Amino acid sequence: MQGIYNLPDGPKMPLFVRLMQFIFQPLEYVEGLTKNYGDSITVWGEKGTPIVYFTQPQALQQIFTADASCLDAGRTNRGLSFLFGTNSLLLLDGERHQRQRQLLTPPLHGDRMRAYGETIRTITRQVINSWEIGKPLVIRESMQEISLRVILRVVFGLNEGQRLEELRQLLSSLLDVIPNN
């Protein structure tokens, strides 16, 4: 896809510096970008590839509901293949992206999501009930545990067993790669 685009402004510091900030202080990095450049920010990747961040929900909604043939995110996201695998929806473009997205949509859409409410509440209560009163906790770990259990139950349909434990280990390992800042 080629054309002439007016891209929003963004930081001019070297890629390595920005990458280190993003890895070690992701929230502060993104908040600083938003404060300095607004709701749409262009950063420059390898070989001068522009990467545009959008922080407003309305912009994200437009992006995620756009015709897949209009977007080229898979190529840009290839650097994440070590984390998500080469066939991740985030790394696909065009027809392959559409096919994979349609496979994922039914369990994570509309009425189906509302039906999962009780499951999500039950899992959340289980995690909260494991907290020890008066003992400090890292809330991020609890949020990850809730997310992990919901994914395993809702997306994979697993409640217990060897397959659940294998997927739990795999997903936990992936979550451990993400910085805790």
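Per-structure values
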read-out: So L152, is it surrounded by 11 or more Cβ atoms within 10 Å (Cβ to Cβ) and either part of a helix (DSSP H, G or I) or charged (D, E, K, R) (or both); value: yes
read-out: Members of the range 155-173 that are in a helix (DSSP H, G or I) and in contact with a helix residue (DSSP H, G or I) (Cβ under 7 Å, 6 or more places away or on another chain); value: V155, L164, L167, R168, L171, S172
read-out: Looking only at the range 37-59, and only at residues there that are assigned to a loop (DSSP other than H, G, I, E, B) and of a type in the set (S, T, Y), the one that is modelled with the highest pLDDT; value: T55
read-out: In the range 120-148, residue modelled with the lowest pLDDT [restricted to those that are in a helix (DSSP H, G or I) and hydroxyl-bearing (S, T, Y)]; value: S147
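The values are calculated or read from the model by the stated rules, or taken from the named source; none is laboratory data. Since the model is a prediction, treat every value here as computed from it, not as a measurement. Reconstructed Cβ throughout: ideal geometry from the backbone, glycine too, with neighbour counts over all protein chains shown.
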